[in-house]
Amino acid sequence: MTDPSQELAETIRVAGASVLATLTRTFGSLQLAEDAVQEAALAALRTWPVNGVPNDPRAWLLVTARNKAYDILRREAVRPAKEAFASDQPKLGPDTAQEALSMLEPDSAVRDDMLRLIFTCCHPALAPEARVALSLRTLAGLDVEAIARAFGVPEQTMAKRLVRARQKIATARIPYKVPADAELPERLPAVLSVVYLIATEAHSPSSGDVVTRIDYEREAIRLARLLCELMPGEPEILGLLALLLFSFARRPARTSSPGGEPVLLRDQDRSKWDHAMITEASSLLGEAVRRSSSVAGPYQLQAHLSACHSTAPSWAGTDWARIVALYELLVKVTAGAAVLLNRAIALGEAEGAGAMLTALDGIAGLERSHLWHAARADALGRLGRGEEAAAALRTAIDLAPTAPERRLLARRMAQ
Amino acid sequence: MALYAALVYLPGSEYWTDRPEEVHQPSDGYEEFYAKVSAAGAYKGGEALSPPEMATTITVSGGQGGDVIVTDGPYAEAKEVLGGYFLLEAADLDEATKWASQIPAAWSGGKVELRPVIPMQK
């Protein structure tokens, strides 16, 4: 982040999300708030490079966006159909900065607004992919084009999806509030899964323009940190943040340089890992354990798994028995073929290739997964069944979704 | 406050007896739900519907005033059928969900769909 224009955009994006949260509460409309914040952000991009960045960028954006919101309401009031809507809105006062500044709340109110916005965007009445898209738009402040690219859909499709989500929030009256404590256990998982999906599912294409490429993993960590701050002491939030940090700490070793090819965990240069970040993640996980009253949730368990790897001296020196035991627990709380696949791979290290192959062949529904075929190839190879292993590896190459993954598998084929 | 139609979907097989002329008895739990929701002032209407076999579907082709096409049967053929509806008044979707989750169809093989009601222009 050395480019000053990019730094400016980042400031606007982060401050803009909290302004959006406040305006959604004061105007009662997510759509209006978004339009107003977007206009304010454009104004900031025009004037800040000339006049300098204001001392309090958030206050500047809030005042500007609030005035833009009134402008939009005035424009819409001209159309008869919108008259009723506009008359419901607060009376228009003189647009003095002083008056608008009185809207500035203490930090606690800003935090409450953000939390309300998070729970609205991640409401279970929205489709899961709409929750992720809306969160990227409103909480992370990303533009539609960037989100569309992350999902691999045309910009128009993404714009429509976002409009539909906002319409549903308005029409069905999805509330703009933080759920009561009694409802939190039901509502929090939807929020956590959105953050997790942002980290894992939203990938920029590798050919993307470097300047505008969004770092989704970093965004997810920022949101997880925000959640930790907003709802301190929630074990699953702590677990999720720890999990994301363990993974992010491996980033310098995850791809080869030069070339940018993926490097498997077993082949990674562990000295390149960010050990300060691993320490932070470990202490977050420790806090999660201390605060858990009952069984650990799925993110905590995954964080424990990640911790096992992050603190092991080498692939061979990893506590595989513990990893298998953790996967057994994880299978109980999250059904899913991917968990079973990872358990089988761990079993291969803990008990041997025979146990691994038996476990792999016991998983149904992964016939189209290149990872499953690659794991079978590995087990078969270790059992000395070379021809079967080569066939499985060929299938894996055919099914691999990206070019770097295909190349990685092809290199194994050559060996 | 907003109005929601809680559309009560029931498994077709359990919805009605083979003899529609028999008087239909409300299933367990509906009277209790009705008592609760009206005592809270959230009940704004609702009825049970005759089975889909009794339904008639109307379409008008060629724009308003055009040919009225009447077909026998429901619009959508589905395993679950619309058995009735409640009109519920609630502050927001979460409150409406609290009511909808107390309608017996929601746990006895059916489903309850919440649809915000668009007020008629008067």
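Here are the numbers for this structure:
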quantity	calculated
Three-way shape label, the protein assembly as shown, alpha-carbon gyration tensor, a/c 1.5	oblate
Cα centroid separation - region A:138-201 against region A:324-342, whole Å	27
Contour excess over end-to-end distance, with Cα ends at A:D215 and A:E387 and 0.36 nm allotted per residue	57.8 nm
B:V60, B:V8 arranged by Cβ crowding within 10 Å, fewest neighbours leading	B:V60, B:V8
Cβ-defined net charge surrounding A:E234, 15 Å radius [Lys, Arg +1; Asp, Glu -1]	-1
Magnitude of the charge dipole, the protein assembly as shown, Cβ model with Lys/Arg +1 and Asp/Glu -1, debye to 20	1280
Where labels lie 7 Å past Cα in the beta-carbon direction, separation of A:R13 and A:A337 in nm	3.4
Mean residue ellipticity (222 nm) of chain A, computed from DSSP H runs ≥ 4 via -39,500 (n - 2.57), nearest 500	-22000 deg cm²/dmol
Residue among A:F246, A:F119, A:F27 with the largest mean-square fluctuation in a Gaussian network model of chain A, springs linking Cα atoms under 10 Å	A:F27
Ranking of A:D378, B:D28 by count of other Cβ atoms within 10 Å, fewest first	B:D28, A:D378
Global form of region A:338-415, assessed from the alpha-carbon gyration tensor, a/c cut-off 1.5	oblate
Exposed-loop-free span, longest in chain A, where trypsin sites (Lys or Arg not before Pro) count as exposed if DSSP calls them loop and at most 11 other C-beta atoms lie within 10 Å	A:92-367
Region B:79-106 residues near the modelled B:A55 label - backbone nitrogen below 17 Å, point 7 Å along Cα→Cβ	B:79-86
Expected 222 nm ellipticity per residue - DSSP helices of 4 or more, -39500 (n - 2.57), all of chain B, to 500	-4500 deg cm²/dmol
Residue order, fewest to most beta carbons within 10 Å, for A:E186, B:E80, A:E328	A:E186, A:E328, B:E80
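Laboratory data are not the source of any read-out in this text; all were calculated from the coordinates shown. What you see is a predicted model; the values in this text were computed from it and never measured. Glycine gets a Cβ as well: all are built from the backbone with ideal geometry, and neighbour counts include every protein chain shown.
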